[in-house]
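The values are calculated or read from the model by the stated rules, or taken from the named source; none is laboratory data. Since the model is a prediction, treat every value here as computed from it, not as a measurement. Positions of Cβ are backbone-derived with ideal geometry, glycine not excepted, and every protein chain shown enters the neighbour counts.
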Amino acid sequence: MTMPLTPVWFIALPLLLAFASPLWVRLRLLMPLLVGTPAALLALALGLLPAVRTAPLLETIVIAPPLGIHLQLDSASWLLVALINFAGVVVGAFLWLGETEPYLRERRAFILILLLIAGCNGMVLTGDLFNLYVFLEIAGVSAYALSALRRDAPALEAGLKYLIIGSVAAIFFLFAVVLIYLQTGNLSLAAVARGFSEIPGPMQMLIGLLMLIGLGIKTELFPFNFWVPDIYQGSHPAVASLYSGILVKAFLFVLFHLVFLFLADPGVAGAWLMGLGAITMLVAETVALRQEDLRRMLAYSSLGQIGLITLALGFGVESTTAGGLFHMVNHTLVKLLLFLTAAILLRSFVSARIADFAGAGRARPLAGALFVLGALAVMGLPPLSGFASKLWILKGFAEAGVFWPVALILLAALIEAGYYFRWIKVLYEPRTEVAIEPSEGRWAYLPIGVVAGLIVLLGVAPFLVDDLFIEGARSLLDRTATLVAVLGAGS
Amino acid sequence: MHAILDSLAMIGVSYIMGFLFYGFYRQLNARVQRRWGPSIWQNFFDNMKFFFKSETLVHGPMFFFGPMIIMAGAFTTVLFVPFLKDSNWLQGYSQYGNLILIIYLLVVGPLGNALAVGSSGNPFGVMGVTRGLTRLMGLEVPFFLGLGLVMLQHETTSVHAIMAAQDGLAHWGIVTNPIAFCVILLPFIASQNGSPFDVVGAPVEVYAGPRVEFGGRLLGVLMTQNMMMSIAKLVLVTDLFLGGATNILVLILKAFALFVLTTAVSMVFPRLRTEQAVDFFWKVPLGLGVLGVILTVWLPWSA
Amino acid sequence: MLSFLDEPRVLHGIYVLGSLTLFFIGLYGLLAKRHLLKILISIAVMELAVYLLFIGLATSPGETAPILSDGLQGFVGMADPVPQALTLTAIVIGLAVLGLGISLAVQYHRLTGKADVAGLTELKDV
Amino acid sequence: MSLILKLFFFAVSLSPTALLMGWDGHLTWTLLDGVGLSLTLTPLAAFFLLLLALAAPLVALPMLRRPADWPSLALYAALLAGMQLLLLAGDFVSFFIGWEIMTWSSYLLLLRSPRTEMATSQSYILFNLASAFLLLAGIMVFYGLTGSFDIRPLVGPTQPQQLALALLFGLAFLIKVGTLPLHIWVPRSYDEAPDIFSAFLSAAISKMGVYGMILLLTLFPEALTGLYGRLLNGPAAGYLLAWVGVITAIVATYKAISQEDMKRLLAYSSIAQVGYITTAVGVGSSLALGGALYLALVHTLVKLLLFISVAGIVLQTGQRRFNDLGRLIERMPISFFGVLIGIIGLAGMPPLPGFAAKYLVFVSLVDARWLLLLAAMILSSTAAFIYCYKLIYAPFLGHANSAGAREAKEAPWPYLVPQVILMALLFGLGVFPGFAIEVLIDPVLTALRMAPLGGSSWAVLTTAYGGYDGVVLMSVFVTAFVLVTGLFLLLRGRMRRAGSPYDLSYAGEVPTEETPLHYGAGMGRELRRIPLVGWILRHSSQGFYLGLTRQMRAAAGLLGGFYAGNPQTWILLAVVVFAVVLGLQAVTGGI
């Protein structure tokens, strides 16, 4: 029996391996598999790339859409899938090589991380609204449990808070799904998209709002993102890197996928999202100014970047969208770098308070340098990758002759510099005695180093990958092509 | 050969004019104060006496080189000011220089000497230098503005060209550009270290001023350069505003007239403190200068 | 006499009202109650309200259960099976979330002795 | 190993020189989606590359002294790479990339100093990033207008477009050069940076702002005159810029006089000098631009010399305040000459080239008929004599005031070699003022389609308003000096060295070791009594920025209130937003 290499594996493989975990414990394969699974999926994604670039891959399960369920791997979702699995490899490798805390190296964490990856892959790939809900909940539940994994008061508190707010988001989302089904009688995204314009206006509005709240909470947009810093603070930084790196990105993708697919003219919704993105960005960057806790600071910075990506994607023009997708990738890389470096620093310096980091960069030169690199990249300073994507976004706005986002993005970047450089300064504070825990395995730096290398590479030579993002943007924006691909030419 | 002779002649003329003018000044001052002053040659005698002192106290090498620098600066200044117009003589190297250069050369020597003062380690000397520099800061602004008006009027910085343009009494600078002359007159007095702007070297204010540590031959050098510098400045103003001179007698006459004018102003005013002087320069002469600029540059007929 | 209740519009209206009431009760509990378990229960109630709405509105009076049996000739007069399948799935998921939530709450209580949602103050802006 | 690495770094520091000598051609590098970098060397950039080529190895030499700080060296290499990219840029993207690399690498270098305070580093990076982002905004506007990132003159821009560009770019570059009131990052950072690196900050990095300003002029079809026409004989828009420059120079000069720390004094003096350059750029004529470039050249040389000398003093004495130094002339004679030549250049005294540069600017002001500016500039350049004197008196003359100053030795050779080279360069340029004009400045002016200034020989500086001959001037002065000294020594009489430093004429008293004889920090204190100067010294723009910071933090606190961690609040807010939006839709007729 041949095993066809289809997109199903992106969901099936991690699920299978996660549920068979007792076996791996006995075989001492837990850690290799934690790295190997996303690595295999990444390889699979790379293998599928040529095919995806010619035409979107549709994987039909049982019966064809619109009645059946299908998975769709197009240029846009390919980017996300590759990103999610790459992040999985990096975090897995960090947990394995870095001799992290034992609770992150046990079976439970293994299951949850694989489930999280499966959930994110599923959300991105699925072409069915209810499946989307299911994957959203899978990713959600695994995230709640991951937060609480440390089982001390802050971790449990983070888990509980995450669970409460996440459930509320899920209810809103489910409500919207229910309304959509009741209105259109369909759950297939393409079919819903075809019929969406026939839904009466007020009901469209209501569905849109419910979706916005449900996904807004999940994608951490401004009036709905107050939970984020608490959760990032309570979770282990490696876990937080997964949240910021892949979970939010998957939700963002879903949000814009739905917007661009459902609405024939996404102008109004796009403007709303641009507004929300801009507010998110400015508010988050401003609040971050007075953060004294490293993890919270990174959380706010993450919010700011999400706002920027939303602003760029909401504009709905090819070059800002491509830039936005590129920025999504860059932000994932940067946040992986920063959170994992933060994990190393936190282990060495026990506390996450800014005052306790004085001189940390001098005591741990490598970690300090990596943190600086990440900070420079997240602020979009050349020659790092954050600059390339920001330039792309700005260029898109300038081409369109719309300058207020340019001004806001630059203002936000300036505010962002205000706190990142404060941290950098503290890291290099001259201090003679720094209490250092004994040095941990140097191998922990390997995955971080790979990410850092990628950040530099993508900054210096973004032309290596820019075609992928342009194609991704096209497939995200081109509604009719998706409809034709799923439903056939006659639709 | 001509250049060397000419240079020596210029130095000689300025030296002789210098001590004669100052000798006259002491006489005049004495008469105004109703006493018999010293002989008109007294300055020359004093100078020679200093030069032949048998012993000179030195505070390190810089203390020695300072007076040398100021003397060299005085020579250079003199050599860059044309004394006569339409003549081959008493030109020095003035065709290689210009007005702005001369103004700056006037300061080079004193700054060199300031190093010597600092080197002496006497705080009073340094205080005097600071006061001198402060006064300089005050006076240069209107002085330069006045010269700027002249430069603008003739569209050149060359003293030769400015002199050549004043070919008759009607074209003298003081006639064609009286505001500029008024603007520079008071700063000019201050730059001559004349009363009422002479607080820098005033014995009572700061114990003896910048020269406090100098004695013997070094003081002789300082005295010599002071007289020569004064003459250079007088000649410069003569060149710029009084049409220059075609021969030495006219030159002496015009310079003397100017000298009398400045001393007359000096004698009737009490001494100002440094900051008062600066404030004064920035109010009265500078205000006059601004007025001049408005009248000659900004108003429509001036274009 | 109460046959007007069988009219789909009336019946659906009642379902909508009822489930929305339930939803708002849940929301009230979520916003007003302090105890963690009560909050989790409120969430469950809200979820239930959504399920009820779904099932209620997707079924009209007179429709039979969508079960294929031997004698059945065609899919006539059957309720739409999809909502029911979906709701079942959703209930399972909801249960899982609720279970996780309660276990976290219990652990939290054991660890800190607190069960008040306003007492979750370990994580905050400094 | 470490020797090889050091040699490598020194080779890197020579890279601008190599580039200057060897670059011919054009390099392109694709970035993404139609954006590419194109590198080419224009004559204007070549001039500034020359400044970099002068500064880089001379600063690298003392930096390589043991114990070498490897991160500093690596960052220095990055900094040089960034600056070269910036200068080679044929398009705005590479310009910006170079600009930013310069910004962050210099910031990180700043952090290497143990003295850097948070306020300093933050103001440095925030002002510089603000400059960078204004630049980027300007680039985006430019791109929106032309559809291309290439640096080339605009074709037929409208007035508002020109104004937007001029404002955005202009502000960006004015922050970089540090004009009032955007200067407050300069003194702190120049002061607290690693001692050697301060030289580079002042000599090379601030010149990039000047480069930007001149580059900006080339973007407009008629430079500054195109914007608002002419005023008197110069561009009206430039009049404003010129006043900004002059006021900067005046204020910075007085602030410099009142400083009690050597490096901070030099920092303020840098601000003042760059203020002159700004003025000259504002005048915008061929004379003025020639003067601006000349000033930039001289300022680079002078500030390198002064900062390196001062770094040597700090290294050997451990003191940096004027009060704690004194009488180093006997212990550090070469450094003394370094500072001496430096201040002569700084004050713009003939015969050093500082005078030539100032002369060009003065003449250009007269030519533009902007006499009030001329007077203001004279004010600041005469006041500069005071701080120049303070700079040489307080460390080198007077009385030694601390143990460090009493026991210091001459600075080590890596500090002295650059000083000697720079002194020779300054001297040479002073003798041949026309050399810089003809070889360095005229190509730039020709490329900018302006009249070249070159004279008949390298010895003379000529303008339409007259000029001067450096060789004659120098030989007259030197001859006079030799003659005077010789004659003096020929005279009869004995020279006697004072028996002790306290052998002074001290108002009839005998000073002792306890008597405060050093007038170092007190110098210029009485200037406060002059109303204008007092007013300037009492005021500062710092309060404004502090207030801004406070407001930002207050805003952060206010918005941070949203993020107070109660889940019920979060949900309530979400529900309220939901309800409000729904309600609004209902009211506006959506439902």
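Quick notes on this one:
- Selection status of D:Thr479, part of a helix (DSSP H, G or I) and within 8 Å of chain B (Cβ to nearest Cβ): no
- Looking across the stretch D:202-225, the residues that are outside any helix (DSSP H, G or I) and not acidic (Asp, Glu) come down to D:Phe220, D:Pro221, D:Ala223, D:Leu224.
- The selection criterion, being more than 19 Å from B:Ala74 (Cα to Cα), more than 15 Å from the chain's Cα centre (by Cα), small (Gly, Ala, Ser) and surrounded by fewer than 18 Cβ atoms within 10 Å (Cβ to Cβ), holds for B:Ala264.
- Filter result for the condition that a residue is under 21 Å from A:Leu115 (Cβ atoms), assigned to a helix (DSSP H, G or I) and at pLDDT 90 or above, over A:Ala271, A:Ala250, A:Ala284: A:Ala250
- Screening A:Leu337 on (1) more than 14 Å from chain D (Cβ to nearest Cβ); (2) farther than 19 Å from A:Pro447 by Cβ shows it passes everything except condition (2).
- There is at least one residue in the stretch D:534-542 that is modelled with pLDDT of 80 or more and more than 30 Å from B:Phe280 (Cα to Cα).
- Selection within the stretch B:23-43 - farther than 21 Å from B:Ser195 by Cα and either out of contact with any Gly (no Cβ under 7 Å at 6 or more places or on another chain) or hydroxyl-bearing (Ser, Thr, Tyr) (or both): B:Ser39
- Only one of the numbered conditions (1) surrounded by 24 or more Cβ atoms within 10 Å (Cβ to Cβ); (2) at the interface with another protein chain (Cβ under 9 Å from one of its Cβ atoms) is violated by B:Phe51, and that is (1).
- Counting the residues of the stretch B:126-172 that are at the interface with another protein chain (Cβ under 8 Å from one of its Cβ atoms), part of a helix (DSSP H, G or I) and of a type in the set (Val, Ile, Thr) gives 5.
- Evaluated against (1) over 24 Å from D:Gly561 (Cβ atoms); (2) away from chain D (no Cβ under 12 Å); (3) at pLDDT 90 or above, A:Leu182 falls short on exactly one condition, (3).
- Within the stretch A:316-324, not a single residue is among the aliphatic types (A, V, I, L, M), more than 11 Å from chain D (Cβ to nearest Cβ) and within 17 Å of the chain's Cα centre (by Cα).
- Checklist (1) touching a residue at least 12 places away in the same chain (Cβ under 8 Å); (2) part of a helix (DSSP H, G or I) applied to D:Leu154, failing item: (2)
- Which numbered condition B:Met62 fails, given (1) within 7 Å of chain D (Cβ to nearest Cβ); (2) modelled with pLDDT of 90 or more: (2)
- D:Thr218 vs. criteria β-branched (Val, Ile, Thr), touching a residue at least 40 places away in the same chain (Cβ under 8 Å) and surrounded by fewer than 19 Cβ atoms within 10 Å (Cβ to Cβ): yes
- D:His518 vs. criteria touching a His at 6+ places or on another chain (Cβ under 6 Å) and not aromatic (Phe, Trp, Tyr): yes
- Every pair of residues 6+ apart whose Cβ atoms lie under 7 Å, when the first sits in the stretch D:28-42 and is touching a residue at least 12 places away in the same chain (Cβ under 8 Å) and part of a strand (DSSP E or B) while the second is acidic (Asp, Glu) and crowded, with 17+ Cβ neighbours inside 10 Å: D:Leu37/D:Asp91; D:Ser38/D:Asp91
- Test for A:Asp265: is it among the acidic types (Asp, Glu) and part of a helix (DSSP H, G or I): no
- For the stretch D:514-539, a residue qualifies if it is among the small types (Gly, Ala, Ser) and either in contact with a strand residue (DSSP E or B) (Cβ under 7 Å, 6 or more places away or on another chain) or touching a residue at least 40 places away in the same chain (Cβ under 8 Å) (or both), and the qualifying residues are D:Gly520, D:Ala521, D:Gly524.
- Yes/no for A:Leu156 being assigned to a helix (DSSP H, G or I), more than 8 Å from chain C (Cβ to nearest Cβ) and either surrounded by fewer than 24 Cβ atoms within 10 Å (Cβ to Cβ) or of a type outside the set (Lys, Arg) (or both): no
- Within the stretch A:215-238, residues that are crowded, with 24+ Cβ neighbours inside 10 Å reach partners that are among the basic types (Lys, Arg) and not in a helix (DSSP H, G or I) with beta carbons closer than 8 Å, at six or more positions or on different chains, in the pairs A:Asp230/C:Lys124.
- Any hit, the stretch A:378-393, residues being more than 13 Å from every other protein chain (Cβ to nearest Cβ), touching a residue at least 12 places away in the same chain (Cβ under 8 Å) and not in a helix (DSSP H, G or I): no
- Being within 25 Å of C:His109 (Cα to Cα) and surrounded by 18 or more Cβ atoms within 10 Å (Cβ to Cβ) holds for only one residue in C:Leu40, C:Leu52, C:Leu31, and it is C:Leu40.
- When the stretch C:75-126 is filtered for residues that are at the interface with chain A (Cβ under 7 Å from one of its Cβ atoms), within 27 Å of the chain's Cα centre (by Cα) and hydroxyl-bearing (Ser, Thr, Tyr), the ones remaining, listed by number, are C:Thr89, C:Tyr108.
- Subset of the stretch D:196-230 that is of a type outside the set (A, V, I, L, M, F, W, C) and at pLDDT below 90 - its residue that is nearest to the chain's Cα centre (by Cα): D:Thr218
- Selection of the stretch B:64-92 for residues being crowded, with 24+ Cβ neighbours inside 10 Å and in contact with a strand residue (DSSP E or B) (Cβ under 9 Å, 6 or more places away or on another chain) yields only B:Phe80.
- D:Leu80 vs. criteria of a type outside the set (Asp, Glu), closer than 28 Å to D:Gln419 by Cα and either surrounded by 20 or more Cβ atoms within 10 Å (Cβ to Cβ) or free of Cβ contacts under 8 Å to residues at least 24 places away in the same chain (or both): yes
- Subset of the stretch D:503-548 (residues that are of a type outside the set (S, T, N, Q), surrounded by fewer than 15 Cβ atoms within 10 Å (Cβ to Cβ), in a loop (DSSP other than H, G, I, E, B) and within 28 Å of the chain's Cα centre (by Cα)): D:His539
- For the residues D:Ile313, D:Ile386, D:Ile329, the requirement of being touching a residue at least 12 places away in the same chain (Cβ under 8 Å) and more than 18 Å from D:Glu410 (Cα to Cα) singles out D:Ile386.
- Residues of the stretch D:369-425 that are more than 14 Å from chain B (Cβ to nearest Cβ) and either in contact with a Lys or Arg (Cβ under 6 Å, 6 or more places away or on another chain) or part of a loop (DSSP other than H, G, I, E, B) (or both): D:Ser402, D:Ala408, D:Lys409, D:Glu410, D:Ala411, D:Pro412, D:Pro414.
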